[in-house]
Structures are given as structure tokens and as C-alpha cells.
Amino acid sequence: MEKIIDINNLPLYENEILETKASISGGNTSHRGKLILTTKRLIFTNLKGVLLNEFHLELIQSINAHKLMGFIFKGFKINYDNIEYLISVTYPEDWIKLIEYQISLD
């Protein structure tokens, strides 16, 4: 059964910070959809809102910029549960800073 994420009905202790169109690859899958940063999670859904990936911020092992040809920012990589995921977004440097900041608050 598909789990639909209703960003307007998050748990009381969790708030949405940022949302954008994105693509994700890793763990033998590749998808396009929406990336949502909350105060507790990084959530990836398809465009209809069906949950595809969910990363609890406190369990992210590392986050790094992903560059093409060594200097063009294309997205960022996260290591979660010993799997590396590549997430392509606009303004990846800002996403990295926001995610690192949220992790530092816990």
C-alpha cells in the first residue's frame, strides 16, 4: 500500500522547512519527484506525494556536495544506512547548509 505524505498533517513536533523538485538515485533505484526538508526528516516523494524515500536527519552518516567536472554543483550525496544516495536539486549548497544546520540542532 502506498503511503501518501500530507505535508499539512505532519506530527506536532515536526515542521516543513523547504520543498523543491528533485531527482534521487541510490539503492538500485532512481526517481524524480519532490524533496522535502522538515525539522526531523528529509523526505522524497513522487509528484503525486507518494513516499519513496525517508531519511531521519539524526541517522544521516554524511552529506557532501556532488560536482560535475570538479566545480559545477549538481546536487549532493548523503550516506544513510550505509547506502550512498545522489540527490539533484537547484541550489545544492543551500540545501547542504540547511540540512547540516537541522542536524546540529538535535
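Name the residue that is surrounded by the most Cβ atoms within 10 Å (Cβ to Cβ), counting only residues in region 64-78 that are at pLDDT 90 or above and closer than 11 Å to Glu93 by Cα. Walk me through it before giving the result.
Of region 64-78, the ones at pLDDT 90 or above are 64-65, 75-78.
Narrowing further to those that are closer than 11 Å to Glu93 by Cα: 64-65, 75-76.
Values: Asn64: 11, Ala65: 13, Gly75: 22, Phe76: 20.
Ranking the candidates gives Gly75 first.
Might you let me know whether region 19-31 holds any residue that is more than 10 Å from the chain's Cα centre (by Cα), at negative phi, crowded, with 17+ Cβ neighbours inside 10 Å and not hydroxyl-bearing (Ser, Thr, Tyr)?
No - not one qualifying residue is present in region 19-31.
The values are calculated or read from the model by the stated rules, or taken from the named source; none is laboratory data. What you are looking at is a predicted structure, and each value in this text was computed from that prediction instead of being measured. Backbone-built Cβ (ideal geometry, glycine too); neighbour counts: all protein chains shown.
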